[in-house]
Each structure stands twice: as C-alpha cells, then as structure tokens.
Amino acid sequence: MTQESSLYQLKRPARYLGGERGSIRKEWEQVEVTFALAFPDVYEVGMSHIGSAILYRTLNDHSWIAAERAYTPWPDREQQLREAKLPLSSLENGRSLADFDIVGFSLQYELCYSNVLSMLDLAGLPMRATERDEQAPLIIVGGPCAFNPEPLADFFDCAVIGDGEEVVIELCDAVRVSKASGENRAALLKRLAAIEGIYVPSHFMVSYQADGRIEAITAKDPQQPKVRRRVLADLDSAPYPEQPIVPFLETIHDRVAIEVARGCTRGCRFCQAGYIYRPVRERQPDTIRNLIDQLLNHSGYDEVSLLSLSTGDYSAIETLMQNLMGCYADQSIAVSLPSLRVGSLTPELMNEIKKVRKTGFTLAPEAGSERLRQVINKGINAEDLVDSATTAFGLGWRIIKLYFMIGLPTETDEDLDALVELAARVKRAGKGTQGGADVNVSVSTFVPKAHTPFQWEAQIGYEETIARQERLRGALKKKRLRLKWHDAELSFLEGVFARGDRRLGAVLEEAVKQGCRFDGWREHFRYDLWMEAFVKAEIDPAWYLRQRLTGEIFPWEHIDAGVSRDFLVRERQAALLGKATPDCRNGQCSYCGLCDFETVKPRLADTTRLQAPEAIEAEEPTEPTLLPKLRLTVTKTGRIASLSHLEYMTLIHRAIRRADLPVKYSAGFHPAPRISFGDALPLGVSSEAELIDLELREPCLAQEALTRLNLELPEGVEVVAATSWPRKGESPANSIFTATFKVPIPEGTDTHLEEQLTTFLKQETVLATRMKKDRPVEIDLRPWVHDLKRQDNLLWMDMHCGSPLFLAAFLFNKDVEEVRSLGICKTAVELKEQDIQVD
C-alpha cells in the first residue's frame, strides 16, 4: 500500500497531505537551521492558531531558516505510523522530527502536555531531556503555559517566555553559531540562557520541604536568578503572514484572522492573558485594512475575524468597522469580533456588525452577581448587559451565548442564583422581537493560573464542581434555558498542571505510557488512567488545588512575567475587599511594574489613519440580466483524491473567489455562491471529468474563466474545459447519462472475470448487501450499470449511478477498503441526449 493510499483509510486524510496554498518548502541543503513548529493537537486546531502562523512566516522570511509544521496525529494515524514503524514527520518535506535542529512546541493548554510527549515518542526521540544525545534536536516550548513550564521541565531543553517574533530569530542564530563552532549541548544551552526570554530548566535546581512545598529554586548562575519575559514593543511594525496557509479541510477558525491588538489592561483578576500579555499594543487601522486586503485576495475566505483579548476595546474599532463594512458588504464578506466586552458595545458598533451576515453574538459576564463581578474586577453591570442583549435582539440576532465561571473566589449560592436570574433577564430582553430569541448559557470551572492575583486561591474540587453544575442545570431548566458546562474531570486535571511543579513529570510520563492522548478531547480523555498514574507516582493531585500561603514559593517563582508580585498581592487584597482597579489604557497607571514608558509602554491606534469610505449613491434597481451558466469540467487527481466532497467544494469556492469570477450569490443574511456540483466521489477515487456549474451575475468569457481559475488551483485540480450552459439546463448531477470509471484489476482476481461481467449484464436484478448506519441493507446493483468490460489489466465501468467502490468490490469479491487503494479514476461522462458529451 502506498503512502497516499494508506491515507484513504483514515478519518480525515487531508490533515496529513501538506502542500497547501501558502505553505513553504525549502531545500535543506540550502539552509543552515531547520525548525519544526510542532503543535500538540490535531491539524485543524493547530492551523487555527495565529501565533504559529506568525512564527512560520517570521522564520521562513529568513533564507537560512527552514520552518516546517507537524501536528499530533489522530489516533487512527498514530496507529498506522506505529504499525508501519514510521516516524512522525513534517508536512512540508516529510522529514522526521528527529532530523530537525530545533523542534518547538506551542503550549496553549495544560491538557495538551500528553501530546507533547507522544509526539516526541512518535519521532523516535527519548521523552526526557537527559536521555537525549548530542545529535537530538533542541526541544523548546513556548506559549501561555510556558509561564509555568515546570510540569514539563524534565522533557524540554529551553522555553521561550513571552512574545516570540524577535527572540525566536535570536535563538536560531545562536543555534547556527553553535553548529558552526561545533559546540556541545551544554555550551549551546549556556549560549541560549544569555538571551532575554530564554529559560533553561537545567540551570535551576528545586528543593522541597518535608510537607511538599517548595523550599528554594536556586539558579546555577547567581547572575541570572530569574528569566525575564520577552516583550515585543511595537506590534504595528511586527511581521504578519500576508499569505497564510489555506488548509484543504475546514479548521476550527476557518477564516481570515487578523490580530488587531495584543495585551489587555482591563485587569480581570482571573485572566492570565491579561497579565502575561501586557501592555496593550494595537495595530494601526490602515495597517489592518491593508493586511485584510492581502489576506482575502490570497486565501479566498469569505469571513474576517478581528482578534484580540478584547476587540471591542480596540481604539479605532468603530472607524475600522465602518471602513470594512463599506468596502466588503457588497462582496458578501462577514466580519466577526470574537472577543467583545459588554462595556465596549456601543449601538453604533453593533449597527456596523449587523450589516453583513451575523456570525454569532457572545457576551461574557463571567459572574452572576454585581458583588462577584467586583471581586474579579470585571467592571460591567447587569443593566449594561441586558441593554446590549436588547440591542442585539433588536438588530436581528436570534441566539445570544452567555459565558460564566463557577468556583470563583468568595462565590456563594446567592451568586449562582444571581447567574440564573441574569440569564433569564437576557432571554426576556428578546421577548417580542421578530423571529423570537434564545439564550445559551455556558459555564466553566475557575482554574487559578500563574502570574495572576488569584494564583494563591484554592480551586474547587471534583465533587463540588459537580454539585454546582447540578444546581445551575436544575435552576436554568426551570427558566427554559440550556446549560453547557466544562467537564469537572478535565477542569480538575487542568488545575493540577496549571500550578504544578517538576514532580508532575513522572505522572505525565506514566500517563502517556498508559495511552493518554488528546486529553482536551472528551472522547479520548481517560481520567482513570490519569488517576492510576498519580497513584504510581505517589502524588495526591488534589494537593495542587489547595490555597497557597501568602509567602509560599511558587513553582514559577523564577519566571518574571513583568508584573510584580507586590502588585498581584495588592490586587488580591482589593478583590477580597470588592474594590475595583481602573483600566490603565487611558487613565491612571496601576504600577504593575511592567512598563518602562520608553520602549515598553501602551501603544494605541490613531483613529485618524483610516477613514470610512465615501458613501456611494445607490443605483436605481434594474431588471436582472438572465445569463447562461458557465459549465466547467475539472479534475480531481493525485493527493486531492484524498479530499472529501465537502473539502473539494470548499477548495473550488475559494479558488473562484480568488479568481474574482462574477458568480451570483443567494440572498439573505447567509449569502452563498450559486455553484452546483455533481454527485460526490468516494474518498480515494480520482476524476478527470467533474462537472461544476456557475451562475453568473455578469457576462464572463468561458476561456477567460478557465485561465483565471487555473492560476488559483493546486496541483491535481485543473479546469480542462469551460463552456456556456443553458440557464435552465439540468444540474451536473441530473445531466449525466453515464460516468466511466477505470479500475486497475488487482492481482489474484478470478480468471473468469469476463464471464462474470457478461452474466452480470444479462441479469435483470443483481442483489448485494451493503452496510448502512451499521445495518445491512439489500440493494439492486443492476440499475447502476450501463456497461462493463475488461481490457488487459483494467476494468471499465460505465455507470448511471451508485458507488464505483462498492460495485468494483462486488465484482472482485473484495472488501471496499481494499478496492479503495486500487486507484479508481472517473475518466469521462456522457451527457443525456438533449445535452452534449464531455470527456
């Protein structure tokens, strides 16, 4: 079985194809440093992470660096790799991770740690740093979880603390110099430790008291007792991927993503990101607009997402939205703001958002009562929330999602009751609006995080989490409100590792050996195996959820996030007193200790650098011109045969948008291009004759469309013919009389195949049993077939309908999955009598 055909056996083969638009493949002989960007989750999650995309572009902008990607393979692919004894490899060049100079893991979530170790193991690398030899890659980690990297300290060589755009190049340069001078690993680590923002765990020793608390964290070099976080001073001038990788399959965030700002100064006391990404740095609105133009033109996406911790707080948000709406509304491009604060939702802003199709409306009050919102410094009140909901329902949104947390410090039953009442008030705000209104309530368990005012607080345990969830579920049900919650077991484990220390490395290693993977995915999470690993390591996980003493040494004490411990202590005291700390964006400095006000300081957008487009007078409506369709004949060959029908359709849609073909769109809030496809091909079946019809809003020459579209299509997809098609002509599926399939005859096939084909064609009925939804169903294959014939080692099947895979499997008396690997190809279609032939 070939590598390509082995992918056909997988759930989503497109995860492993590589070669996407925007990916960069360099020859290793022409570079000095190779860097594997390893994301410890499945492809569609990793491809949605904008930080990885930024680093991919930043690294590959340097001719002497080759950056490639790798993701955690889904269990079906992992099984394939282990059975075939193949290493985990990069997508670009297919090189084993063990071959790279550097392998860098992005730590976005504590429950991805098992995937980090699994990926090392799949690459044939020892998990523990002390067990790897001098030829092994340098293993580094970064991301928000690197602000307490101690549970993983035994497994990586160094960590990037803070913003990565600048330090990652300095790290690569150090590796380049070290390679050229023939340094050993110890010398390289010493060189790296001198770079601001680089943490080398082997340079620090940890000792413990008899009760388990940390006694001391001692630096081997007294001149470097702490590792200072790296801060990117100016976001506006930082590199950004104008030509992003466009995946073949749908990802979690399947749209153009533009980071409009980094950092947040609202000061929500539970929010780690609000402290480790300070100060707020905004891109200029004209920079954002230019980037969006490039991103849309390159990708073919039809949605733009403006990313930041609180996009509604972006200084030029109304100006930017007015400009984007004015420029893109007629192109059916949606603009979404995934992170909106209630206090930032002006009626003007909401009116701009509603002009293009609605992409969801989410509000995050976090706590139900005014008192508890004061404790966490949320800074919103119930009236503002209800007013925002009223406006949203009035502007046409039908569903509002509300996000809350349970287990916040000082929370009582009264706070939970207030949560229920607040959600009910939001639902009542939509009463009487057109189309009705609904509210979904989502609840997660508060997990104290490092470098926040609540890092000292206790986390509620498993049983208490369940009890509070049940209380809310019952109360919300009485209000006819739905509740979604984060599993208590996952929150428990997240809390253990969020404030854990190096001793958890033994637990993690054991859990991975027992088979723990994808712990953030409920269907794969094995709580029982984790508990067994804790028992074997003789560690009580609940101990890590306890409240910390004020003077206690944290496992991350030697990691300097820039915000002082004294400031966090003051914020904790303010929380317990219910005192608010104002946003320092435009007001008084809170003296958190981060800014030097020369290089590191808040940088806000200039609202005058982008203007709303001039209003264009609406043209008098005219009778629409009734144009003929454009019919395309398109191939689906090579690795593209690994795409599902939906993935193939998406690829074509995006290519048509990039080619700027004048395709007509449907009406309504969710306009869709009027494009018709033929029946779906089974996975693994290629084609030289897929029919696609385009409805046009204005004339377009067939040859011009063919030329423009082929410039935007990947290898394996080509428009081989384009012709005008009657406006009321049959759709591709309904216009086909027969489709011809070429099937390689497998070795060992019955020598009487020709007789079997003749018998098949003479019969009026040919019954076969097919599994459908795990149930056997009897079907008649004879109506599927127009003609069958053998020529040398090929079987030719002319079919009216049905699955060529199932038919070939029946004729060869083989399993469908065996036949899928043969390389069946649709070579031509014959149209019905009133139409024309295309081949």
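The values are calculated or read from the model by the stated rules, or taken from the named source; none is laboratory data. For clarity, every value in this text was computed on a predicted model and none was experimentally measured. Positions of Cβ are generated from backbone atoms using ideal geometry, with glycine treated the same way; all protein chains shown enter the neighbour counts. What goes into the accessible areas is simple: the full protein's heavy atoms, side chains included, and nothing from ligands, DNA or RNA. Shrake-Rupley method; radii C 1.70, N 1.55, O 1.52, S 1.80 Å.
Summary table below
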read-out: Gyration tensor verdict on the stretch 1-160 (Cα atoms; rounded if a/c is under 1.5, prolate if a/b is larger than b/c, oblate otherwise); value: rounded
read-out: Rel. contact order, % - alpha carbon contacts under 8 angstrom, at least six apart, the chain; value: 12 percent
read-out: Gain on full stretching of the segment that runs from Glu698 to Asp679 - 0.36 nm per residue minus C-alpha separation; value: 4.1 nm
read-out: Karplus-derived 3J(HN,Hα), 6.51/-1.76/1.60, for each residue of the stretch 803-810, Hz, glycine and proline x; value: 8, x, 5, 5, 5, 5, 4, 5
read-out: Solvent exposure, largest accessible area first (probe 1.4 Å, DNA, RNA and ligands not counted), of Val717, Val569; value: Val569, Val717
read-out: Zone of Lys479's modelled label, taken as backbone nitrogen in the stretch 376-410 under 15 Å from a point 7 Å along Cα→Cβ; value: 382-387, 389-390, 400-406
read-out: Label-point separation in nm, Trp521 to Gln30, each point 7 Å along Cα→Cβ; value: 3.6 nm
read-out: Largest-first ellipsoid semi-axes for the stretch 383-518, taking √(5λ) over the Cα gyration tensor eigenvalues, angstrom; value: 35, 16, 14
read-out: Gained length - Lys814 relative to Gln791, 0.36 nm times residue gap less alpha-carbon distance; value: 6.3 nm
read-out: The stretch 254-268 - phi-based ³J(HN,Hα) in whole Hz, Karplus 6.51/-1.76/1.60, Gly and Pro as x; value: 8, 6, 5, 10, 10, 7, 7, 7, 10, x, 8, 10, 5, x, 4
read-out: Where labels lie 7 Å past Cα in the beta-carbon direction, separation of Glu764 and Asp417 in nm; value: 7.7 nm
read-out: Cα long-axis angle, helix 413-429 against the chain (0 to 90 degrees, to the nearest 10); value: 40 degrees
read-out: Under 14 Å, Cβ to Cβ, from Cys112 - net charge with Lys/Arg +1 and Asp/Glu -1; value: -3
read-out: For Ala364, residues with placed amide H under 5 Å, excluding near neighbours; value: Val342, Tyr403
read-out: The stretch 77-121: C-alpha gyration tensor shape, a/c 1.5 cut-off, then a/b vs b/c; value: oblate
read-out: Volume per residue that the Cα convex hull of the stretch 253-412 spans, once the total is divided by residue count, Å³; value: 114 Å³
read-out: P(r) tail fraction, the stretch 745-839 - alpha-carbon pairs more than 24 Å apart, %; value: 24 percent
read-out: Qualifying chymotrypsin sites (Phe, Trp or Tyr not before Pro) in the stretch 561-606, DSSP loop, other Cβ atoms within 10 Å at most 10; value: Phe597
read-out: 16 Å Cα-Cα reach of Lys664 towards lysines, excluding residues that sit fewer than 8 places from it in its own chain; value: Lys629, Lys728
read-out: Alpha-carbon Rg/Rh ratio, for the stretch 389-428, with Rh computed the Kirkwood way; value: 1.09
read-out: At R0 = 60 Å, FRET efficiency that the Cβ-Cβ distance of Leu549 and Arg782 yields, to 0.05; value: 0.15
read-out: Degrees, to the nearest 10: 645-658 long Cα axis against longest axis of the chain; value: 80 degrees
read-out: Accessible area, probe 1.4 Å, largest first, for residues Ser237, Ser642; value: Ser237, Ser642
read-out: Ellipticity estimate at 222 nm from DSSP helix runs (n ≥ 4, -39,500 (n - 2.57)) divided over the chain, nearest 500; value: -8500 deg cm²/dmol
read-out: Cα point-scatterer Debye curve for the stretch 501-616, base-10 log of I(q)/I(0) at q = 0.19, 0.20 Å⁻¹; value: -1.06, -1.11
read-out: Sparsely packed chymotrypsin sites (Phe, Trp or Tyr not before Pro) within the stretch 641-736, loop by DSSP, other Cβ within 10 Å at most 14; value: Phe669
read-out: Segments 89-97, 160-168 sorted - mean Cβ within 10 Å per residue, highest first; value: 160-168, 89-97
read-out: Two-site FRET efficiency, His670 against Asp596, from Cβ-Cβ distance with R₀ of 45 Å, rounded to 0.05; value: 0.40
read-out: Estimated inter-spin distance, Val386 and Asp173, nm [label 7 Å along Cα→Cβ]; value: 5.9 nm
read-out: Range of Cα positions in the stretch 9-63 per principal axis (Å), largest first; value: 36, 24, 20
read-out: Loop sites in the stretch 131-170: chymotrypsin sites (Phe, Trp or Tyr not before Pro), DSSP, at most 10 other Cβ within 10 Å; value: none
read-out: FRET E, pair Gln209, Ala542, Förster distance 22 Å, beta-carbon r, rounded to 0.05; value: 0.75
read-out: In sequence order, calculated HN-Hα J values of the stretch 185-192 (Karplus, 6.51, -1.76, 1.60; Hz; x Gly/Pro); value: 5, 4, 5, 4, 5, 5, 4, 5
read-out: Cα-based shape type of the stretch 615-754, given that a ≥ b ≥ c are square roots of the gyration tensor eigenvalues and the cut on a/c is 1.5; value: prolate
read-out: Angle between the chain longest axis and helix 113-122 axis [Cα atoms, degrees, rounded to 10]; value: 50 degrees
read-out: Normalised convex hull volume, the chain, alpha-carbon set, Å³ per residue; value: 196 Å³
read-out: Amide H contacts under 5 Å for Val141, placed H, 5+ residues apart; value: Phe105, Cys158, Ala159, Val160
